[in-house]
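Engineer: Below: one structure in structure tokens.
The values are calculated or read from the model by the stated rules, or taken from the named source; none is laboratory data. Just so you know, these numbers come straight off a predicted model, no measurement behind them. Using ideal geometry, Cβ is built from the backbone for each residue, glycine included, and neighbour counts are taken over all protein chains shown.
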Amino acid sequence: MTSNPNDRQWTLVLDQGGHATRALVFDETGDTVAEHEVGIGASHPSPGRVEHDAGKLIASVAECLDRLAAQLGAQTAMVRSAALCTQRSSIVCWSRQTGAPLSPVISWQDTRAADNLESLSLSQPEVAEITGLPRSPHYGASKLRWCLEHLDGVQAARQKNDLAFGPLASFILYNLSQGRQFAVDPCNASRTLLWDIRTGQWSSRLLDAFAIDESLLPAIQPNRYAWCDLRLGETSVPLTIVTGDQSAVPFAFSDNPVDQLFLNLGTGAFLQRPVAEYLVCEGLLRSILLQDGHDAMFALEGTINGAGAALSWFADSQQIGEDELFAQLPEWLANNADPPLFVNAIGGLAAPFWVSDAESGFIGEGDIGEQAVAVIESIAFLVEANLQAMESCMPGVKNIVASGGLAELDGLLQRVADLSGIPVQRSTNLQATAYGGARLANPVLPVLTVDDEFVPATNNAIAINDRYREWRKHLQQMIDKKKASAPG
């Protein structure tokens, strides 16, 4: 007996990340029934610059939808809802008339516009009070300002009233809706450094400070909203959820994930502790996780720029493939107990230190395996620094739920457990962003479970905590030297 398509409630997720665009369809049990991925690549035109080709990125979204439709055939009729999850701090400029890009996608990792922050009329405490974020070039405002000042096509479009810009999500939405939807959700808007976390709207003070006209930016709508319809073969699928990639993660595990701690290890690493109200914690972000009507959920968040990005950097420096490097990491992590130290400032040193122009480097000698372990340990060290900051404001974390591609590495998760003294549980499905988006769009989906648990090992903790203290000492010396040499 065949299933009636009208009885099925499948869910489509578009997950647009720093390495690839992925599209997945989940059935009612949470199993993946179709999946396609298209790499988007990244260019680094000069130090501090990280870009994606905006036209190719939009083409990758269309290709993913086409390939899913081909995989599913008549089963596309079973897909009833959809979600879009995107990189939060990446921005694009485009033509209102055609939807064509006028700039590359300037990545969240990009720090080209750091100088635009030096002359900002608002102080760091004022910016943090409005946005919940530090005054950092990783966020969108200084990049949007840079585009206005440096890109001829952007300037020409502005003079013709043909310019639109904003978070990457708004550019994708504009193209998916054929220009009918010029809007964005709070999670992506929040990473522009122009959004007021208290009012949920664009901040007039920050717009004035960055000299950005609000009419160029998308309207703000709740995460759950009738965004547009997606074409999946002959089926029209309502897109009902738009959110940030990291914002979706906690909802993969719970409908109400307050006071749990989530560690997602991808291109960057992100620690999130959802809270019912936004809290102030020095060095950490106050993030919004979800706005659904009048209800909102927030999080304390620590961000690490150099997770998978640090491994990519190391692979390039050693002139080996990333897949080859990743394949050798488990053995290296198991057999190198005393590696050198690595000051990991790939993409800039983020939470809780916030030094965008910090320099990376090894301390001590080592072969390729030992240096690779040092890079992995630096990720664990940055996680521990963020955990310590979080515990100073909200103590009592009982366990850490880990997901993301790097969570495959037992040696990394064991080191996080040994450093923190907190058990680390690994999700059964490491793609928590996509599954969290699916559960937001279709709450009847079951929550993800955890299976592997990494319990703190006292025999390892002494040595790695000694290395962590030495690493913190070198890091602080570098930060102090930066501050001493800063103008003024």
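Engineer: For a quick check of your reading: which strands (runs of 3 or more DSSP E) sit entirely within segment 1-71 and have at least 1 residues that are free of Cβ contacts under 8 Å to residues at least 60 places away in the same chain?
Structural biologist: So the answer is 20-26, 32-39.
Engineer: May I pose another question? Where the second residue is surrounded by 18 or more Cβ atoms within 10 Å (Cβ to Cβ) and of a type in the set (F, W, Y) and the first is more than 18 Å from F253 (Cβ to Cβ) and touching a residue at least 12 places away in the same chain (Cβ under 8 Å) and lies in segment 395-416, which pairs have Cβ atoms under 6 Å and are six or more apart or on separate chains?
Structural biologist: Between residues of segment 395-416 that are more than 18 Å from F253 (Cβ to Cβ) and touching a residue at least 12 places away in the same chain (Cβ under 8 Å) and residues that are surrounded by 18 or more Cβ atoms within 10 Å (Cβ to Cβ) and of a type in the set (F, W, Y), the close pairs are Q414/F454.
Engineer: Here's another thing I want to ask about it. Is it the case that some residue within segment 471-485 is more than 29 Å from the chain's Cα centre (by Cα) and charged (D, E, K, R)?
Structural biologist: yes
Engineer: Among the candidates F342, F353, single out the residue that is hydrophobic (A, V, I, L, M, F, W, C) and either in a loop (DSSP other than H, G, I, E, B) or more than 19 Å from L406 (Cα to Cα) (or both). Talk me through it step by step, then tell me what you get.
Structural biologist: Numbers: F342 fails: either in a loop (DSSP other than H, G, I, E, B) or more than 19 Å from L406 (Cα to Cα) (or both).
The unique qualifying residue is F353.
Engineer: If D410 satisfies all but one of (1) modelled with pLDDT of 95 or more; (2) crowded, with 23+ Cβ neighbours inside 10 Å, what's the number of the condition it fails?
Structural biologist: Checking D410 against (1) modelled with pLDDT of 95 or more; (2) crowded, with 23+ Cβ neighbours inside 10 Å, the one that fails is (2).
Engineer: Another question about this same structure. Restricting to segment 157-190, what's the tally of residues that are closer than 24 Å to A59 by Cβ and assigned to a helix (DSSP H, G or I)?
Structural biologist: 11
Engineer: Same structure again: Pick out the one residue from T76, T29 that is among the hydroxyl-bearing types (S, T, Y) and touching a strand residue (DSSP E or B) at 6+ places or on another chain (Cβ under 7 Å).
Structural biologist: Working: T29 fails: touching a strand residue (DSSP E or B) at 6+ places or on another chain (Cβ under 7 Å).
Result of the check over T76, T29: T76.
Engineer: If you scan segment 104-122, which residues turn out to be among the small types (G, A, S) and either touching a residue at least 12 places away in the same chain (Cβ under 8 Å) or closer than 22 Å to A345 by Cα (or both)?
Structural biologist: S107, A113, A114, S121
Engineer: Filter segment 105-144 for residues that are surrounded by fewer than 19 Cβ atoms within 10 Å (Cβ to Cβ), under 19 Å from P186 (Cα atoms) and touching a Pro at 6+ places or on another chain (Cβ under 9 Å) and give the result.
Structural biologist: A128
Engineer: So I376 ticks every box in (1) outside any helix (DSSP H, G or I); (2) crowded, with 21+ Cβ neighbours inside 10 Å but one. Which box is left unticked?
Structural biologist: The failed condition is (1).
Engineer: Right, next: Residues in segment 72-95: is at least one within 21 Å of L168 (Cβ to Cβ), in the same structural domain as R231 (by TED's automatic domain parsing) and surrounded by fewer than 20 Cβ atoms within 10 Å (Cβ to Cβ)?
Structural biologist: Checked against the condition, which is being within 21 Å of L168 (Cβ to Cβ), in the same structural domain as R231 (by TED's automatic domain parsing) and surrounded by fewer than 20 Cβ atoms within 10 Å (Cβ to Cβ), segment 72-95 yields at least one hit.
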